[in-house]
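One structure below.
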Amino acid sequence: MRARIALTVVVFALLAAACSVAPYEDSLEIEQSLTTTVYASDGSVLAQWHAGENRILVTATDLPQVVRDAVVAIEDERFWDHGGVDLQALTRAMVANIEAGDVVQGGSTITQQYIKSVILTPEVTVDRKVEEAVLALRIEETLTKEEILVRYLNTVYFGSGAYGIGTAALTYFGKNVSELNLAEAALLAGLIQRPARTEPQTHPEVARDRRNVVIDKMLELGWIEASDAEQARASPITLADQTPLSDQARYPYFTE
């Protein structure tokens with residue numbers, strides 16, 4: 001009964017908000033801070049500079065299926081099916097929040113998370129959640145699912161100063177995102193919700209447990225084989241020797 005009431009409230013709130021929320025202009029195509037990287041002939045990093053945020057943008061062709069599946073599995077398992085708002089997840093979150101008397105679940109889709117990061121401010125209020133949902137519905141009419149996922153992965157924060165999946169892959173594993181394996185993709189996907197609490201350099205056991213939650217979710221959804229899941233869960237977390245150089249050069253006399 002509570003779930004039915006909550007669903008009714010959600011639907012009416014969205015209908016009311018759709019009439020009042022101002023249309024967005026394509027502020028989605030935001031100017032994201034980029035990291036400039038200089039490579040040696042052997043592929044090693046000579047220097048990096050960035051302004052504001054440390055970010056290496058990736059394209060759809062850069063993203064292996066295992067990265068897409070890991071992120072979608074743990075953040076928004078119905079991403080490919082819903083129209084921007086997951087009414088089932090939103091209703092479940094509303095019921096949980098009412099019962100707890102506090103905000104204990106969010107219910108935001110990947111599209112809504114992207115909206116929050118590039119358009120809206122981060123405060124958690126009922127009005128803001130409704131506005132976020134309405135804008136998500138509108139954006140799904142404009143962009144493809146793949147475009148939304150790529151933009152989201154270029155925007156989200158992974159901890160350790162790494163904005164975007166491209167920078168996160170280099171920061172934690174010293175490799176391009178296209179080279180990530182299942183265990184590595186699952187670890188990065190697990191960082192999105194609480195990067196400070198699951199960062200593997202300072203919280204290795206928490207990071208491992210969270211990584212395994214992602215792997216188990218992918219297995220539950222049928223997106224990986226049991227043997228692959230078992231192997232990934234047993235994999236040690238092997239991080240890069242050091243994070244990429246930030247606003248400095250290993251060989252300044254060469255890169256100036």
Is at least one residue of the stretch 72-89 crowded, with 20+ Cβ neighbours inside 10 Å, at pLDDT below 95, of a type in the set (Val, Ile, Thr) and part of a helix (DSSP H, G or I)?
no
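Which members of the stretch 73-88 meet the condition of being β-branched (Val, Ile, Thr) and under 7 Å from Thr109 (Cα atoms)? So that I can check it myself, show each step before the final result.
Of the stretch 73-88, the ones β-branched (Val, Ile, Thr) are 74, 85.
The answer is Val85, and nothing else.
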Could you grab me the full set of residues in the stretch 150-166 that are in a loop (DSSP other than H, G, I, E, B) and over 9 Å from Ile56 (Cβ atoms)?
Val156, Phe158, Gly159, Ser160, Gly161
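How many of the residues making up the stretch 119-137 are at pLDDT 85 or above and aliphatic (A, V, I, L, M)? Before you say what the answer is, go through the steps one by one.
Initially, the stretch 119-137 is screened for residues at pLDDT 85 or above, giving 131-137.
Of the ones still in play, those that are also aliphatic (A, V, I, L, M) are 133-137.
Number satisfying all stated conditions: 5.
Test of understanding: among Thr155, Thr144, which residue is without any contact (Cβ under 8 Å) to a residue 12 or more places away in the chain and surrounded by fewer than 22 Cβ atoms within 10 Å (Cβ to Cβ)?
Just a single option satisfies the conditions, and that option is Thr144.
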Is at least one residue of the stretch 161-175 within 15 Å of Arg68 (Cβ to Cβ) and either in contact with a Cys (Cβ under 8 Å, 6 or more places away or on another chain) or of a type outside the set (Gly, Ala, Ser) (or both)?
yes
Which numbered condition Pro236 misses (of (1) closer than 18 Å to Ile110 by Cα; (2) surrounded by fewer than 22 Cβ atoms within 10 Å (Cβ to Cβ))
(1)
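Given Ala183, Ala169, Ala189, Ala196, which one is in a helix (DSSP H, G or I) and touching a Gly at 6+ places or on another chain (Cβ under 7 Å)?
Details: Ala183 fails: touching a Gly at 6+ places or on another chain (Cβ under 7 Å); Ala169 fails: touching a Gly at 6+ places or on another chain (Cβ under 7 Å); Ala189 fails: touching a Gly at 6+ places or on another chain (Cβ under 7 Å).
Of Ala183, Ala169, Ala189, Ala196, the one residue that is in a helix (DSSP H, G or I) and touching a Gly at 6+ places or on another chain (Cβ under 7 Å) is Ala196.
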With respect to the numbered conditions (1) at pLDDT 95 or above; (2) farther than 14 Å from Thr171 by Cβ, which one is the sole condition not fulfilled by Leu239?
(2)
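The values are calculated or read from the model by the stated rules, or taken from the named source; none is laboratory data. Just so it is clear, the structure is predicted and the values come from calculations on it, not from any experiment. Using ideal geometry, Cβ is built from the backbone for each residue, glycine included, and neighbour counts are taken over all protein chains shown.
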